[in-house]
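Only one structure is covered here, and it is reproduced in the block below.
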Amino acid sequence: VSGAGGAVRPTPSPDGKKLAFVRRIRNQSSIFIKDLVSGAIQPVYQHLDRDMQETWAIHGVYPTLAWSPDSRDLVFWAGGKIKRLNTATLGVKTIEFKVEDTREVRQALRYPVEVAPDQFSVNMLRWVSVSPKGDQVVFQALGYLYTRDLPSGKPERVTNQNEHFEFYPAFSRDGKYIVYTTWHDQELGSVRKIRASGGKGDKLTKEPGHYLEPQFSPNGKTIVYRKSAGGYITSELYAHDLGIYRMDDDGDNVRKITDRGYAPHFGQRNDRLFVTEQKRDGKTVSYQLLDMDLNGAQIQERFHTPWASEYRVSPDERWIAFVERFQVYLTPYTVAGTSIASGPSSKALPVKKISTFAGENLSWTANANALHWSQGATLFKQMVPKDFSSETFTEVSTTDLSFKASYDKPRGSYLLTNARVITMKGKEVIEHGDILIEGNRIKAVGATGSLDVPKGATKINLTGKTVMPGLVDVHWHGAQGTQEIIPQQNWVNLASLAFGVTTIHDPSNDTSTIFAASELAKKGSIVAPRIFSTGTILYGAETSFTAEVDSREDALNHLQRMKSVGAVSVKSYNQPRRDQRQQVLDAARETKMMVVPEGGSLLQHNLTMIVDGHTGIEHSIPTAEIYADVEQLWQQTQVGYTPTLVVAYGGIWGENYWYQHQEVWKHPILSKYVPKSVLWPRSIRRSMAPEEDYNHVNNAKVSKKLQDLGILVNLGAHGQREGLGSHWEMWMFAQGGMTPLEVIRAATLDSAKYLGMEKDIGSLEVGKLADLVILSANPLENIRDTDKVEQVMLNGRLFDVNSMNEIGNHKSKRQPLFFE
């Protein structure tokens, strides 16, 4: 059986003469019967709930059907009821039933987060590398290189410049020099060399580009590096002839070595290079360690493991350390006629796991008697014996490299006066109101003329304007870097902020990149919304970054790993078994972290996620309607709901509705900050569909129902259309029946509560952070005016949306974006 409308849930009658199945008549799921003698097909019931043919449905696209033993009646589920259909007369009766049930549920994970303390710990240290003598460490933090004497020195900047960001540091074998790369949005990148004692870096590369992973040869006379492509959030220029290069230590005699691989480094010899390469053989993936000469010839495959993310051969070529699925391993380096299969369970050579819970950034001392690695701001050291017996390995030692930085705080005061103020303090709306701001916090809110205003406060008359809290997007995705290079200005962040999104929570991003960007934003070194993230997901599928969870200890290691870099939450992403998901939750209770799951369009999983106490359900539940069973269960928990209507399950994504109904590429804000190469292809040539085909409205109606039950329903725009998508999400909430004030609550205060941040953000109240949006229209009259943004205040700093220049007390002109 096939044809328009599909054919699912095939159910043969006991006498073998008929086949019942589900098919759609246009958008209406219906029951059909096929006469297996004549082949005739006819609909017999046309009031089923919407089936799930347009989404994942590993548990079935519709509940099962059942025939009566005499092959006359069909029993099925529809509209939250069990129905009995006489297939001869087509009469339908409801089979009454009632279930009284008790379920034990766990408390939903939600912990308070201090959004903007006076000082914060710098935890996302990148490319941590120990000097060959073991007496100094270099790392990147807050956009620049730092060194620190070991074991107990203080972090010191390596260079004395602030014009460009610095990346990928590495020591020379004698420890006297550091080679590194730079990035400047207009001038692009370079490879530079500087004395380890600090000073002014010498630029070695003659041509700008996107440079990564520089390394010295053992004698220090050669430097190798990788040339990569840019694009999207960085310039696309100088992205030709990519690969691994070599040059003299003064920048002369540049030659390309190979197109293959990444992470070049030397072992014992000056004329041989090790490179990592991903290799695919059908569906099998492995990570090869290649050995080649400096002409890219005489290539030998030395080692391979299924999922190694980092290799490092010791300087004497006696050992090879590698990282696989976040753990550090050590094995003897052996040269054979073919590649040696290694890995945590290797039988070819002995392998020892030496990390305690996680690690990366491998570095050896010159005599290979110690291996270092890092996790967040912790440096680990393992003394390496001459033989491999476990008795000779001493305990791993640790050094805390973290340091404090001041959270950006502007000076001076503002009085925003004569505005309509939507405070989100209950249903309070002050039609003629004033807001007094001192530094980065709200000092007072009240009727116009009622506040005690200090001398020198900058007064901004907002007659005819509306002020509302900054938007809190709890399910935001977007690029923060390219090959871990973070630009000085990120148009994705600027566009989001221009639309009034002042806080983002990204539940899937590269760990080191997004937490480094978060710390840069806290410091005030880049302009961006407040950035929170889960970092890399705790993934259950087979990849190099799979988070293996086979015990509570495994789960605790992963939670501690993420907390060490600054995460307040993790994303449990399709861990296949419920006990694995429960172990993650149990570890989160110990570490006081929140856990958001991947909803996955699987209602049965969603319900167990609610019962088990996840922070919330991320992505819409796939059913077009819910009934008393789901309502009563969910209502009695503290589990939130972030439906991401822009990518709602069960039908056409909500995002497509707005492309159909608006000339998105002409939006006055969006078109200023999003490159045409990104905006135009998606928004100009659009698909069309009848209004009734947009299933996101059903998802929105469920969201409204849950909000009415007291469940936190939150804004999550999935990063589908930078900043504007957050407004689409709000407008779709309204399509589901929310009032404008209920929509704004979902987008501000309730989203802040969901993340445990309501003490600092989400409403315009005394003591809270000065995150707010100034609109030229009244969204309470027309919710689709929320994108009429004129100015945005983030952390007490005021930005003009038309230019994203900072105005007010701290005037600062934005530098051009690379595509302007």
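Against the definition (small (G, A, S) and either without any contact (Cβ under 8 Å) to a residue 12 or more places away in the chain or surrounded by fewer than 16 Cβ atoms within 10 Å (Cβ to Cβ) (or both)), how does G376 come out, yes or no?
no
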Being within 28 Å of the chain's Cα centre (by Cα), crowded, with 18+ Cβ neighbours inside 10 Å and either in contact (Cβ under 8 Å) with a residue 24 or more places away in the chain or over 20 Å from E431 (Cα atoms) (or both) is the requirement here; does L775 meet it?
no
Evaluation of S286 against (1) part of a loop (DSSP other than H, G, I, E, B); (2) open to solvent by less than 40 Å² (accessible area, probe 1.4 Å); (3) under 22 Å from F322 (Cα atoms) (one fails), failing number:
(1)
Here are some conditions: (1) farther than 30 Å from R157 by Cβ; (2) small (G, A, S); (3) open to solvent by 10 Å² or more (accessible area, probe 1.4 Å); (4) in contact with a Ser or Thr (Cβ under 6 Å, 6 or more places away or on another chain). G464 meets all but one. Which one does it not meet?
(4)
Determine, yes or no, whether T11 is in a loop (DSSP other than H, G, I, E, B) and β-branched (V, I, T).
no
Which ones in the stretch 341-363 are in a strand (DSSP E or B) and open to solvent by 20 Å² or more (accessible area, probe 1.4 Å)?
A341, K352, K353, E360, N361
Would you mind stating whether D750 is among the charged types (D, E, K, R), part of a helix (DSSP H, G or I), modelled with pLDDT of 95 or more and under 17 Å from H505 (Cα atoms)?
yes
Of the residues that make up the stretch 661-683, is at least one part of a helix (DSSP H, G or I), within 25 Å of A528 (Cα to Cα), touching a residue at least 40 places away in the same chain (Cβ under 8 Å) and in contact with a strand residue (DSSP E or B) (Cβ under 6 Å, 6 or more places away or on another chain)?
no
Go through (1) crowded, with 19+ Cβ neighbours inside 10 Å; (2) free of Cβ contacts under 8 Å to residues at least 60 places away in the same chain; (3) of a type outside the set (F, W, Y) and name the single condition G198 misses.
(1)
If a residue has to be open to solvent by less than 10 Å² (accessible area, probe 1.4 Å) and not in a loop (DSSP other than H, G, I, E, B) to count, how many in the stretch 753-772 make the cut?
3
So how many residues does the stretch 290-312 have that are at pLDDT 95 or above and within 30 Å of L556 (Cα to Cα)?
3
Residues of the stretch 807-820 being among the charged types (D, E, K, R), without any contact (Cβ under 8 Å) to a residue 12 or more places away in the chain and under 19 Å from K409 (Cα atoms), which ones?
K811, K813
Flagged in the stretch 137-158 as touching a residue at least 40 places away in the same chain (Cβ under 8 Å), closer than 17 Å to D174 by Cα and either of a type in the set (A, V, I, L, M) or open to solvent by 30 Å² or more (accessible area, probe 1.4 Å) (or both), in numbering order, are V137, V138, L150
Which one of these does N509 not meet: (1) assigned to a loop (DSSP other than H, G, I, E, B); (2) under 30 Å from P597 (Cβ atoms); (3) in contact (Cβ under 8 Å) with a residue 60 or more places away in the chain?
(3)
Give me a count of the residues in the stretch 538-553 that are assigned to a loop (DSSP other than H, G, I, E, B) and surrounded by fewer than 24 Cβ atoms within 10 Å (Cβ to Cβ).
9
Pair list, Cβ < 7 Å and 6+ apart or interchain, from the stretch 396-416 residues that are of a type in the set (A, V, I, L, M) to residues that are assigned to a loop (DSSP other than H, G, I, E, B):
V396/I354; V396/T356; L401/L125; L401/A377; A405/L142; L415/V453; L415/A457; L416/L462
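Name the single residue, out of those in the stretch 417-437 being free of Cβ contacts under 8 Å to residues at least 40 places away in the same chain and assigned to a strand (DSSP E or B), that is nearest to the chain's Cα centre (by Cα).
L436
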Where D408 falls short, out of the listed (1) surrounded by 16 or more Cβ atoms within 10 Å (Cβ to Cβ); (2) of a type outside the set (A, V, I, L, M, F, W, C); (3) not in a loop (DSSP other than H, G, I, E, B):
(3)
Within the stretch 284-308, count every residue that is more than 20 Å from G243 (Cβ to Cβ) and among the polar types (S, T, N, Q).
3
Scanning the stretch 737-749 for residues that are open to solvent by 10 Å² or more (accessible area, probe 1.4 Å) and in contact (Cβ under 8 Å) with a residue 40 or more places away in the chain, which turns out nearest to P112 (Cα to Cα)?
L749
Selected residue (criterion: farthest from E166 (Cα to Cα)) from residues of the stretch 484-512 that are in contact with a strand residue (DSSP E or B) (Cβ under 9 Å, 6 or more places away or on another chain) and open to solvent by 10 Å² or more (accessible area, probe 1.4 Å):
S508
Restricting attention to the stretch 219-248, report how many residues are without any contact (Cβ under 8 Å) to a residue 60 or more places away in the chain, of a type outside the set (A, V, I, L, M), open to solvent by 20 Å² or more (accessible area, probe 1.4 Å) and touching a Ser or Thr at 6+ places or on another chain (Cβ under 8 Å).
2
Of the residues that sit in the stretch 63-95 and are of a type outside the set (A, V, I, L, M) and within 46 Å of the chain's Cα centre (by Cα), which one is least open to solvent (accessible area, probe 1.4 Å)?
F76
Qualifying residues in the stretch 591-608 (those that are open to solvent by less than 10 Å² (accessible area, probe 1.4 Å) and not in a strand (DSSP E or B)) - the one farthest from P576 (Cα to Cα)
M593
Applying the selection to the stretch 467-484, what residues are out of contact with any Gly (no Cβ under 7 Å at 6 or more places or on another chain) and among the hydrophobic types (A, V, I, L, M, F, W, C)?
V467, M468, A479
Tell me which of these K386 doesn't satisfy, since it passes every other one: (1) assigned to a loop (DSSP other than H, G, I, E, B); (2) closer than 23 Å to A263 by Cβ; (3) open to solvent by 70 Å² or more (accessible area, probe 1.4 Å).
(2)
Answer with yes or no whether V792 is open to solvent by less than 30 Å² (accessible area, probe 1.4 Å) and in a helix (DSSP H, G or I).
no
How many of the residues in the stretch 14-40 are of a type in the set (D, E, K, R) and assigned to a loop (DSSP other than H, G, I, E, B)?
3
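The values are calculated or read from the model by the stated rules, or taken from the named source; none is laboratory data. No experiment lies behind these values; they were computed from the predicted model shown. Cβ: placed from backbone, ideal geometry, glycine included. Neighbour counts: every protein chain shown. Heads up: the accessible areas ignore ligands, DNA and RNA and are worked out on the full protein's heavy atoms, side chains in. Shrake-Rupley method; radii C 1.70, N 1.55, O 1.52, S 1.80 Å.
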